[in-house]
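The values are calculated or read from the model by the stated rules, or taken from the named source; none is laboratory data. Predicted model only: the values in this text are computed from it and were never measured. Heads up: the accessible areas ignore ligands, DNA and RNA and are worked out on the full protein's heavy atoms, side chains in. Shrake-Rupley method; radii C 1.70, N 1.55, O 1.52, S 1.80 Å.
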Amino acid sequence: MQIAGRKPRSDAQRNRERLVAAAKEILGQGGPEASLEAVARRAGLGIGTLYRHFATRESLFLAVYASEVAQATETATELESAGDGLEALRAWIHGMVGLVETKRGLIGALSVAMTEEARAQYSEVSAPLIVAMERLVARAQADGSVRADVTTQEIMSTVFALCYARQPDPGWKVQVLRIIDIFVDGLRPPMARGG
């Protein structure tokens, strides 16, 4: 027997998922239209429902980011069986650029202050990304498509440096992806590059 007025837990979970998806879309783009009210409207829910699920802006940010990380790690697992290891790594790094784009939009739209506690939570949520990239790099090195002397940390640091080197503007992602493709091409062993 269901108590009148109470929704089943599955409805609450669906509402949460709708809010996270709407927040990624609305807030990830930033700009003046990016507000919590716009997120609730896009999800087809009231602002009270948003605040019941996410008491603070930071908790919403972390939920969206955690969802993006989960998607990225799932993608890495799928790419592990792709043909060329370097091309699998490239595809995954392209996805990482999208994750950075969303994160930058969220921070700007939500005015999230990266406190020490927030940094610790962010670091904990981000940990699977390192593991996913390590697997993809190891696979690409095993098939000979990536030089053996490159570390995961070097690749990750370079990707994030390239993403944050430019201010976000309408052409930001296209320009970053072009530079990343040049960098990824340089990961091939010298003989594979004809050098």
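Observations, loosely collected:
- Computed with a 1.4 Å probe on the full set of protein chains, the accessible area for Glu78 sits at about 110 Å².
- Phi angles of the stretch 86-94 translate, via the Karplus equation with coefficients 6.51, -1.76, 1.60 and θ = phi - 60°, into HN-Hα couplings of 5, 5, 5, 4, 4, 4, 5, 5, 4 Hz per residue; Gly and Pro are given as x.
- Evaluated over the chain, the Cα radius of gyration and Dmax, each in Å: 19.4, 73
- Accessible area of the chain belonging to carbon and sulfur atoms, whole % at 1.4 Å probe: 55 percent
- For the chain, the solvent-accessible area with a 1.4 angstrom probe is 55 square angstrom per residue.
- Placing Ser35, Ser145 in order of accessible area, with the largest value first and a 1.4 Å probe, yields Ser35, Ser145.
- Note on the chain: with a GNM built from Cα contacts shorter than 10 Å, the maximum mean-square fluctuation among Glu134, Glu154, Glu87 falls on Glu154.
- A convex hull fitted around the alpha carbon atoms of the stretch 46-100 yields 79 Å³ per residue.
- Between helix 116-142 and the chain: long-axis angle, C-alpha atoms, 0 to 90°, nearest 10: 40 degrees
- Average Cα contact separation per residue, the chain, under 8 Å, 6 or more apart, as relative contact order %: 23 percent
- With DNA, RNA and ligands ignored, accessible area of Trp92 (1.4 Å probe; Å², nearest 10): 10 Å²
- Computed helical MRE - 222 nm, the chain, DSSP H runs ≥ 4 contributing -39500 (n - 2.57), nearest 500: -24000 deg cm²/dmol
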